[in-house]
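**Student:** I'd like to ask some things about the structure below.
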Amino acid sequence: MACILAIESSCDETAAAVVDDGTRILSNIISSQIDLHAKYGGVVPELASRAHLEKIVPVVREACRQAGLDYAALDAIAVTQGPGLVGSLLVGVSYAKALAWSLGKPLVAVNHLEGHIHAVLLEAAQKGEAGKIEFPVVTLVVSGGHTALYLVSREPLADVKGFHYSYRLVGHTLDDAAGEAYDKVAKLLGLGYPGGPVIDRLARRGDSSAIAFTRPHLKRARPYDFSFSGIKTAVARLVDRDGLRQEAGQRRAQPDRPLDDLVAQPTLDLLASFQRAVVEDLAERTLAAADDFHARAVFVSGGVAANSLLRKTFAEECAIRGVPVFFPSVALSTDNAAMIAAAAYPKFLAGEFAGHDLNADPSLPLGV
Ligand code: KG4
Ligand code: ZN
């Protein structure tokens, strides 16, 4: 039994979790800052770091309390080193270093994207399905900050029962992340923040074939690279062309009225068409990579993995190809610390520890 306390503070969630043997979640505490950033339509880095400072101590204490463990019973402290907002990351990294040093426990540094990948394995372990997963796996990490495709392989560790994971970056967004496009479209249309969940819901009432967005033509890009800034600009143009700005202004002016009463059919059609274009692009490129790299499974993780059309599309397309697809639960899809503990476990087994000179790295790469 190895209990890892993990801390995640890369963006706008202050999170701590205790996970046993990388698979059993003893606690998973998340303090969200959504309300703090909502009125700005996106995360304000300065406000985020200050909120992390206020929340980190109570969140870590609550994670240990719910796990029924005191600090002495922990085997290691894990922390997200990057990528993310530097001020936010620094709060978690400094706190984790101080905790590990004062307790005399090993410190494990985790890449946030590796955490999202391990969220899928953690979810499968919760359902007793981990044994069904074969490698290599093509993983789409898709959130407000990232859209990246990884080829993930694993090898058994030499001396202990566990695996070494390796990651190859095969594609990523050249501009906006998919979740960022959702959030910007929602902001433009006065739908609040974050945009993903509300667009997901409203798009169900729209006609997704109303508007045919042109696919991005990327110069010198790899076949699995993404681009979402073009569709965001195209939506802005359509909002002007179709006179949808006034309706958006009315929604902003009446934040207390139910949104559903304030959205007319042309906006619903625009949202449905936008969502379809984004989801089809994500699915097409991911499945092309899965075919080309002979993947034995497909993982989809990150905040946008909660999207209902995305889940349906991947499930259908993967069924056609006979490749199993795995998602985390919605709670493990968005930022959380349990996934950081799960990603830390193989490093803990392999003795891959960070020194007390560990520093936050806002653009920490994963794979090459
Ligand atoms: O992983 P996450 O919690 O934080 C980041 O690392 O960014 O992802 C948040 C992102 C936001 O952009 C949000 O709009 C998007 O995930 N999101 C969704 C849905 N739920 C959250 N996007 C599409 N459909 C959803 N249902
Ligand atoms: Zn994330």
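**Student:** Given DSSP loops and a limit of at most 13 other Cβ atoms within 10 Å, what is the longest stretch of the chain that contains no such GluC sites (Glu not before Pro)?
**Tutor:** 135-351
**Student:** Here is a follow-up. Taking a cut-off of 20 Å between Cα atoms, list the lysines near K219, but don't count ones fewer than 8 places away on the same chain.
**Tutor:** K232
**Student:** Let me ask you something else. Which value, in Å³ per residue, describes the convex hull spanned by the Cα atoms of the range 30-133?
**Tutor:** Each residue corresponds to 137 Å³ of Cα convex hull volume.
**Student:** Nearest 0.05, what FRET efficiency do L36 and K312 give at R0 = 51 Å with Cβ-Cβ as r?
**Tutor:** 0.95
**Student:** Which percent of the accessible heavy-atom area of the range 1-155 goes to carbon and sulfur, probe 1.4 angstrom?
**Tutor:** 53
**Student:** If you roll a 1.4 Å probe over the range 178-323 with all protein chains in place, what percent of the accessible area is carbon or sulfur?
**Tutor:** About 51 percent, which is the carbon plus sulfur part of the accessible surface.
**Student:** Per residue, how much accessible area does the range 86-215 have with a 1.4 Å probe, in Å²?
**Tutor:** Roughly 40 Å² per residue, with all protein chains present.
**Student:** What does the charge count around T313 come to, taking other residues whose C-beta lies under 11 Å from its C-beta (Lys +1, Arg +1, Asp -1, Glu -1)?
**Tutor:** Summing Lys and Arg as +1 and Asp and Glu as -1 gives -2.
**Student:** Gain in length, F135 to A253, computed as 0.36 nm per residue apart minus the alpha-carbon separation, to one decimal in nm?
**Tutor:** Taking 0.36 nm per residue and subtracting the Cα distance, the gain is 37.4 nm.
**Student:** Give the Rg (one decimal place) followed by the Dmax (whole number) of the chain, computed from C-alpha coordinates and expressed in Å.
**Tutor:** Over the chain's Cα set, Rg and Dmax evaluate to 20.7, 66 Å.
**Student:** Also, I was wondering about something else. Determine the sum of side-chain charges near I340: Lys and Arg each +1, Asp and Glu each -1, restricted to other residues whose C-beta is under 12 angstrom from that of I340.
**Tutor:** Once positives and negatives cancel, what remains is -3.
**Student:** Run the reach check for K105 against lysines, Cα to Cα strictly under 26 Å, same-chain hits fewer than 8 apart removed. What comes back?
**Tutor:** K55, K97, K161, K347
**Student:** Over the range 132-207, how many percent of alpha carbon pairs lie in each 10 Å bin up to the one with the longest distance?
**Tutor:** Cα pair-distance distribution for the range 132-207, in percent: 17, 31, 24, 18, 8, 2.
**Student:** Moving on. Taking every DSSP beta bridge that has both residues in the chain, what percent is antiparallel when rounded to the nearest 5?
**Tutor:** Within the chain, antiparallel bridges account for around 65 percent of the total.
**Student:** I would also like to ask the following. Give a quick list of trypsin sites (Lys or Arg not before Pro) in the range 123-216 that DSSP marks as loop, anything other than H, G, I, E or B, with at most 16 other Cβ atoms within 10 Å.
**Tutor:** Values: sites: K127, K132, R154, K161, R168, K184, K187, R201, R204, R205; in loops: K127, K161, R204, R205.
Filter output for the range 123-216: K127, K161, R204, R205.
**Student:** For L47 and R215, FRET efficiency with R0 = 35 Å and r from the beta-carbon atoms, rounded to 0.05?
**Tutor:** 0.45
**Student:** While we're here: For the range 247-302, with every protein chain kept in place, what is the accessible area per residue (1.4 Å probe, Å²)?
**Tutor:** 40
**Student:** Okay, moving on. Using a Cα-Cα cut-off of under 19 Å, which aspartates and glutamates could be cross-linked to K127, ignoring same-chain neighbours fewer than 8 residues away?
**Tutor:** D20, D21
**Student:** Related question: Where the eigenvalues come from the Cα gyration tensor of the range 178-323, what are the semi-axes √(5λ) of the equivalent ellipsoid, largest first, in whole Å?
**Tutor:** Numbers: eigenvalues 176, 54, 31 Å².
Largest first, the range 178-323 gives 30, 16, 12 Å.
The values are calculated or read from the model by the stated rules, or taken from the named source; none is laboratory data. As the structure is a prediction and not an experimental result, all values here were calculated from the model. Positions of Cβ are backbone-derived with ideal geometry, glycine not excepted, and every protein chain shown enters the neighbour counts. Remember, those area values only see protein heavy atoms, side chains included, never the ligands or the DNA or RNA. Shrake-Rupley method; radii C 1.70, N 1.55, O 1.52, S 1.80 Å.
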